[in-house]
Every structure is written in structure tokens, then in C-alpha cells.
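Just below is one structure, and these are the notes that go with it.
The values are calculated or read from the model by the stated rules, or taken from the named source; none is laboratory data. These numbers come from a predicted model, not from an experiment. Please note: Cβ atoms are built from the backbone with ideal geometry, for glycine as well, and neighbour counts cover all protein chains shown. For accessibility, only protein heavy atoms count, side chains too; no ligands or nucleic acids. Shrake-Rupley method; radii C 1.70, N 1.55, O 1.52, S 1.80 Å.
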Amino acid sequence: MIKEKLAEIRKEIPEHVTLIAVSKTKPISDLEEAYKSGQRHFGENKVQEMFEKHEQLPKDIQWHLIGHLQTNKVKYIAPFVHLVHSVDSLKLLKEIDKQAKKNNRIIDCLLQFHIAQEETKFGLSLMEAEALISCQDFKDLKNINIVGVMGMASFSDDVSLIKREFQELNSIFKRLQENYFSKNQNFKEISMGMSGDYALAIEEGSTMVRVGSSIFGGR
Ligand SMILES: *Cc1c(COP(=O)(O)O)cnc(C)c1O
């Protein structure tokens with residue numbers, strides 16, 4: 001089942017877009033099935049769960065932390081995390097830098113933006129991000145690498161609303177790339193799109209889609 005779902009989704013996704021299989025709450029056996037059909041990028045939203053799955057599964061899996069990350073938990077994932085999608089403060093970024101250094105690594109991160117209507121979703125505004133990027137403390141961080149932006153659209157049936165939110169994230173990306181990261185070749189990722197809206201997200205410039213229920217079933 002998982003194998004067939006993955007194959008269907010891969011057919012719809014262009015070469016340059018990374019498919020992240022969001023495996024939160026799903027058992028190891030489901031991840032193994034996806035792994036056997038070639039899936040290597042997995043997304044989790046909880047540190048503890050990602051840590052345990054990483055322990056049990058093959059070490060060539062690339063783990064994406066897509067949920068809110070608490071500063072005191074960074075140390076558990078710093079040895080192996082591939083990409084942190086949910087950076088929304090300088091404090092968090094400093095801690096990731098510190099733990100990356102301890103592990104002799106440079107950890108790739110995305111800045112998470114608040115593009116949805118809902119109040120509850122985490123993320124920066126463009127102004128907050130620009131202030132963060134401009135400060136000296138940020139410039140001093142040597143063990144993190146900002147490789148792009150991430151956002152979640154509103155939970156809604158309104159396609160035109162979702163489309164506008166994806167366009168907003170894309171324009172934030174372009175503005176940051178032009179004004180702050182023009183010399184950084186690695187700043188190229190836009191993580192947007194989930195099971196319900198990944199096709200639309202790709203049309204609007206997504207380079208990473210985070211797909212859970214369409215691969216593994218409902219949670
Ligand atoms: C759960 C989750 C997803 C995947 O959602 P689906 O609708 O199951 O595809 C994507 N991104 C984030 C941040 C999530 O928490």
C-alpha cells in the first residue's frame with residue numbers, strides 16, 4: 001500500500017522537488033516499507049519520536065524536523081538531523097549552532113514563516129526575519145547554514161487563499177535571497193505543500209513537499 005502511494009506521488013513530483021515522507025505517529029514498520037521502496041527523506045514533528053526512529057532505522061535516512069523545536073531538546077537531534085525546518089528565533093538558532101559545534105557539524109536550517117490566517121501556527125514575519133538576519137549575533141554563528149524558508153498554508157478549502165499564501169512565501173524567499181543570501185549558493189529551498197496542497201505548492205515554486213497522510217494514511 002505505502003509502496004503504491006509513494007510511486008503515485010513520485011510520478012506527480014518533478015525531479016527538482018524533494019519528497020519528504022512525514023511519518024509522525026506511524027510505526028517503524030511503515031517507515032521500513034517506505035525505505036524499501038527507496039524513500040530516504042523522512043519528516044517528524046517530535047524530537048523524542050525522531051530520536052527513537054533514528055536509533056532503529058538505517059543510518060542513510062535523512063531526517064527532517066518539521067515541528068516546533070524547543071531549545072532544551074536540540075541536543076538530542078544535533079548529532080544526526082539533516083534539516084531543521086522550524087527555526088523561528090535567534091535563541092533557537094544559537095542553540096542549534098552550539099550543539100552543531102559540539103558534534104563537529106554544520107546543521108542546515110530553514111526559517112519558518114507565518115503565512116496562514118490562523119493565530120496558532122508558529123513562524124516569523126518578514127520584518128522579524130530581517131531583524132534576525134541583520135544582527136551581529138546571527139552573523140557570528142558558524143555552525144548553522146540557512147538554506148531557505150518554510151511555511152504552512154491555512155487549513156482551508158479555499159484554494160485561492162492557499163495559493164496566495166504560497167505566493168507570499170515565495171516572494172519572501174526571493175526577497176531574502178536577493179537582499180541577504182545572494183552569495184550563498186545553498187539558499188535555495190522553499191518547503192511548502194502537504195498532502196492536500198502539494199501540487200499547488202509546486203506550481204508556486206516549492207522545492208520540498210512534506211507529505212504524510214497521502215503516503216501513510218490518516219492519523
Ligand atoms: C503533519 C505535517 C505535515 C504532513 O501533513 P499531511 O497533511 O499528513 O500530509 C506537513 N508539515 C508539517 C509541519 C506537519 O506537521
Translational diffusion coefficient (Stokes-Einstein; Kirkwood radius from C-alpha pairs) of the chain at 37 °C, 0.692 mPa s, in µm²/s: 186
Selection from Pro58, Asn45, Tyr35 lying farthest towards where the dipole of segment 1-94 points positive, charges on Cβ: Asn45
Net charge over other residues, Cβ less than 10 angstrom from the Cβ of Gly43 (K, R count +1; D, E count -1): +1
Contact order normalised by residue count of segment 1-159, Cα under 8 Å, 6+ apart, percent: 17
Within the chain, longest stretch clear of exposed GluC sites (Glu not before Pro) (DSSP loop, no more than 13 other Cβ within 10 Å): 16-117
Normalised per residue, the volume of the convex hull around the Cα set of segment 127-174 (Å³): 90
Segment 21-56-segment 59-106 distance, computed between alpha-carbon centres (Å): 17
Sequence-separation-based contact order of segment 1-63, relative, with Cα cut under 8 Å and 6+ spacing, percent: 34
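With n ≥ 4 as the cut-off for DSSP H runs, can you work out [θ] at 222 nm for the chain, using -39500 (n - 2.57) per run divided by the number of residues, rounded to the nearest 500? Write down the numbers at each step before the final one.
On the way: 10 runs with 91 residues, N = 219.
So the calculated ellipticity at 222 nm is -12000 deg cm²/dmol.
Dipole size in debye (nearest 20) for segment 2-216 around its Cα centre, Lys and Arg Cβ +1, Asp and Glu Cβ -1?
Working: 29 positive and 31 negative charges, 179 e Å.
Using Cβ point charges on Lys, Arg, Asp and Glu, segment 2-216 gives about 860 debye.
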Inter-label distance, nm, simple model (7 Å from Cα along the C-beta direction), Lys98/Lys142: 1.8
Around Gly218: net Lys/Arg minus Asp/Glu count, Cβ-Cβ under 15 Å: +3
Amide H partners (placed H, <5 Å) of Glu189, local residues excluded: Gly148, Val149
Amide proton proximity set for Leu124, modelled H, under 5 Å, gap of 5+: Gln112, Phe113, His114
Max mean-square fluctuation residue, GNM over the chain, Cα-Cα springs under 10 Å, options Gly38, Gly67, Gly196: Gly38
Residue-count net charge about Asn184 - beta-carbon cut-off 15 Å; Lys, Arg +1, Asp, Glu -1: +3
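Would you mind working out the accessible area per residue for the chain, using a 1.4 Å probe, and quoting it in Å²? Spell out each step's value before the answer.
Numbers: 10970 Å² over 219 residues.
I get 50 Å² per residue for the chain.
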³J(HN,Hα) computed for each position of segment 37-54 - Karplus, 6.51 cos²θ - 1.76 cosθ + 1.60, integer Hz, glycine/proline x: 8, x, 6, 10, 9, 10, x, 10, 10, 10, 4, 4, 5, 5, 4, 5, 5, 4
